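Q: The structure is given below, and queries will be raised subsequently.
The values are calculated or read from the model by the stated rules, or taken from the named source; none is laboratory data. Quantities reported herein were computed from a predicted structural model and do not represent experimental measurements. Positions of Cβ are generated from backbone atoms using ideal geometry, with glycine treated the same way; all protein chains shown enter the neighbour counts. Areas reflect the complete protein model, heavy atoms only, side chains present, ligands, DNA and RNA absent. Shrake-Rupley method; radii C 1.70, N 1.55, O 1.52, S 1.80 Å.
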Amino acid sequence: MIDFEFEPQVVERLQIYRNVAEQMMRPISREYDEREHEKPWQFLETMWAASNLSGEGQPGSRKQSGGGNEARNLYTIATTEELTWGDAGLFLALPNAGLGGAAVAAAGTPEQKQRFLAPFREGKPKWGAMAITEPGCGSDSAAIATTAARDGDQWVINGTKIFCTSGAMAADHPGGFIVVWATVDKSAGRAGIKSFVVPHGTSGMTVARVENKLGIRASDTAMIVFDNCRVPLDHILGKPEVNRERGFKDVMATFDATRPIVAAMAIGVGRAALDFVRDFLRDHKVSVRYGLSPHRLTAVERDFIEMEMNLKVARLLTWRAAWMLDAGRHNSLEASMAKAKAGLAVTQITQKAVEMLGPLGYSRQFLVEKWMRDAKINDIFEGTQQINLLIIARRILGYSSRELN
Amino acid sequence: MISFDPTEEQQMMRESVAGFARDELRPVARAVDEGGTIPASVAEKVAQLGLLRTWLPEQYGGDGADRSAVTGAMIVEELAWGDLALAAHLLSPRLFAFPILELGTASQRDRFLGHFAGSGFIAASAALTEPRFDFDLASLSTRAVAKHGEWLLDGVKCFVPLAREAEFILVYAGAGSEVAAFIVPRETPGLEISEREKNMGLKGLATHEITLTACRLPAEARLGSDAASGVVRLTSEMRVATAAIAAGVARAAFEYARDYAKERKAFGAPIATKQAIAFMLAEMAIEVDAMRLLAWEAGWHLDRGEDAAIESYLAKQYAAAAALKVTDNAVQVLGGHGYIREHPVELWLRNARGLAALDAIAIV
């Protein structure tokens, strides 16, 4: 039955996340935007301890038969929206298995999930990360040049990865790992692409640099070099055999889970901007008169209503994509729809919020300008706007990547 | 618990309406647009769907099903996918009957609802829109004044569907600071129904301007006993219907453009293989789903007993604009062919434009 409401116990838990966002993230939001590359250790350790106490799992895991939490992906996107309402950079910096964890959860065996993810429930803060992009390829992940060659009972990885979110934290702290996409057979094209778990401390893995960015500055974005980096054979996620039929569907399946999360991140930032503008207008005695003919509305009211509508659409599409994943349904189309809509909508919403505040919107005394900078990444990472449109188009037209590219 | 799955019952209803739209509405849609008349056979066949009777209480000869705005949104989307003019014609009696079902006094229900239980098509209508560029539900020019135990109605309404055929019209008017609705028989002195309007689209739907000049109505002509809050809900129900209808029209256009783009070749390949076209189609697909989800969500609020004033307003505003965009893109994908009346996309563009202008085209 069609329903748009979370269960009461989820609503209750979301309130906790809302409090974290409001009381712990917002007060340090500006500080760690300005102090790029510094980490809010106190906040990170508190959050680590709290998430271990709560026993809540990693994002991206698929429905397990008989496993209790059946709406896991929906829950993840709901909490993501709350936390990114607080601060998207701080959210990305949180110690957890992150996108690397999502990859393990989506493509790993039960034993691998246990081995790589269990440490994230104990001990000191840990980070997981995913390394796909290279200096020579981004969206075209089939063109990956990093290689993984089998040598006895090990994989030997060579190559350079960039734009790896939380890459430095994952590489530098015990218990962390980076999931690296590499080709085991260049001649097989995309079918040769596999993913490998490279744990912290593996020799041959080096953080070469950490990027300076437009936004999400509290989160590190790293260049990682793999130079004869050796991992055991059972660190490959999915099957080691190259299946030219199946292509790289295993590794791509990760995106079905991560794209709704990125969409939810966008929505959190967009809602922050919308909430701020609503309060700002109210303080300045401007009310939004819903229900009126557009002819009677002021430009500000029309802008605000448009922002609100677009945010709502993005959220509904995102809920649907996550709900499908929870229900065990194939959601690539819907995940890309959510990501494409949310990424663009929130980019526009935050830009409009800056505009609506006039010169004050441009000032760093408010967070609105920061949200505009933070929002933009959501239309880029985990597949740009254009890549997602391409995926949607292929799905609705029934075209392969060879037929439509 | 969040879910996007229709119930089995909803799914069955959706499929039967979709089949009707495909088999009965699509084949005649162009002729209806060109000729301006609805074939009697369609109105006869629509009885099998029970678009109204299904929800009438058993005492009035109906099936007594619980009304649901979400179910309603699904039904009107499918009908509109078939053809909007036909859909609006077939749904018009609900504009009169559903408000009475929902808000009417016992005697109003007794008097009017039984008419709609039969198998024939009974024309009825509602008059909401007014011929003003800044028409607004919140400040109607049509006024109702209580005088000597009677109501006196004055004003002009436009785009009243089936006004000539309808025995009764539900007329919305400002009464003091509230909006109220009044049951106006066609024979009421002072009620003048003008010639059929000529509109850009929805050409198969007979609409009329009506003028009320000192129309005297008995006290019990006012819908409900205390209709103030109820009328807000009716407005929301009409807006949800418009949003869902927009999704139906847009989906029709999207599907046609998608299929055309896979057939039509340029530079040696189907135009759908070009990103410029493929991306337009991808965006259209997103917007169709967006409209539907907004309609469902607003309808869900209504089904919980809320007035859903903001949700339905947002859904309608969004969907009306998006339907225009999607149908316009469909014409664009077909290029010159889209402009020719051999293809239906130009018809859908004209029909979709009506959704932003009109407030009472259907009700869930």
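Q: Restricting to region A:362-394, count the residues that are within 14 Å of chain B (Cβ to nearest Cβ) and in contact with a Phe, Trp or Tyr (Cβ under 8 Å, 6 or more places away or on another chain).
A: So the count comes out to 5.
Q: Given (1) open to solvent by 10 Å² or more (accessible area, probe 1.4 Å); (2) at negative phi; (3) not aliphatic (A, V, I, L, M), identify the lone condition not met by B:G299.
A: Unmet condition: (1).
Q: Sort out which residues of region B:278-317 are aliphatic (A, V, I, L, M) and not in a helix (DSSP H, G or I), and write them in order of number. Break it down stepwise before answering.
A: Filtering region B:278-317 down to residues aliphatic (A, V, I, L, M) leaves B:278, B:280-282, B:284-286, B:288, B:290-291, B:293-295, B:298, B:302, B:308-310, B:314-315.
Selection gives B:A308 alone.
Q: Shifting gears a bit: From B:A278, B:A309, B:A282, which residue is within 8 Å of another protein chain (Cβ to nearest Cβ), open to solvent by 10 Å² or more (accessible area, probe 1.4 Å) and small (G, A, S)? First the steps, then the outcome.
A: Working: B:A278 fails: open to solvent by 10 Å² or more (accessible area, probe 1.4 Å); B:A282 fails: open to solvent by 10 Å² or more (accessible area, probe 1.4 Å).
Sole residue among the options that is within 8 Å of another protein chain (Cβ to nearest Cβ), open to solvent by 10 Å² or more (accessible area, probe 1.4 Å) and small (G, A, S): B:A309.
Q: Does at least one position in region B:181-191 carry a residue that is assigned to a loop (DSSP other than H, G, I, E, B), touching a residue at least 60 places away in the same chain (Cβ under 8 Å) and either of a type in the set (K, R) or more than 27 Å from B:A88 (Cβ to Cβ) (or both)?
A: no
Q: Something else now. Which condition from (1) out of contact with any Pro (no Cβ under 9 Å at 6 or more places or on another chain); (2) modelled with pLDDT under 95 is the one that B:V326 breaks?
A: Among (1) out of contact with any Pro (no Cβ under 9 Å at 6 or more places or on another chain); (2) modelled with pLDDT under 95, B:V326 violates only (2).
Q: Return the residues of region A:132-147 that are part of a loop (DSSP other than H, G, I, E, B), open to solvent by 20 Å² or more (accessible area, probe 1.4 Å) and not hydrophobic (A, V, I, L, M, F, W, C); say none if nothing qualifies.
A: A:T133, A:P135, A:G136, A:G138, A:S139, A:D140, listed by residue number.
Q: Something else: Looking at B:G248, B:G176, which is the one that is on the phi > 0 side of the Ramachandran plot, of a type in the set (G, A, S) and out of contact with any strand residue (DSSP E or B) (no Cβ under 8 Å at 6 or more places or on another chain)?
A: Values: B:G248 fails: on the phi > 0 side of the Ramachandran plot.
After applying the criteria, what remains is B:G176.
Q: Considering only region B:215-254, state which residues are among the acidic types (D, E), over 12 Å from the mean Cα position of the chain (by Cα) and buried (at least 24 other Cβ atoms within 10 Å of the Cβ). Step through it out loud before you land on a result.
A: We begin by selecting, within region B:215-254, every residue among the acidic types (D, E); these are B:220, B:226, B:237.
Filter again for over 12 Å from the mean Cα position of the chain (by Cα), leaving B:220, B:226.
The answer is none; no residue qualifies.
Q: Could you tell me how many of the residues in region B:90-120 are surrounded by fewer than 20 Cβ atoms within 10 Å (Cβ to Cβ) and among the polar types (S, T, N, Q)?
A: 3
Q: So is A:N73 at pLDDT 80 or above, touching a strand residue (DSSP E or B) at 6+ places or on another chain (Cβ under 9 Å), open to solvent by less than 70 Å² (accessible area, probe 1.4 Å) and among the polar types (S, T, N, Q) or not?
A: In short, no.
Q: I need a count of the residues in region B:312-330 that are more than 21 Å from A:R302 (Cα to Cα), touching a residue at least 40 places away in the same chain (Cβ under 8 Å) and open to solvent by 10 Å² or more (accessible area, probe 1.4 Å).
A: Total meeting the criteria: 1.
Q: Among the residues of region B:40-65, which ones are modelled with pLDDT of 90 or more, open to solvent by 40 Å² or more (accessible area, probe 1.4 Å) and within 20 Å of the chain's Cα centre (by Cα)?
A: B:R53
Q: Considering only region A:388-405, how many residues are open to solvent by 20 Å² or more (accessible area, probe 1.4 Å) and within 16 Å of the chain's Cα centre (by Cα)?
A: Residues that pass the stated criteria total 0.
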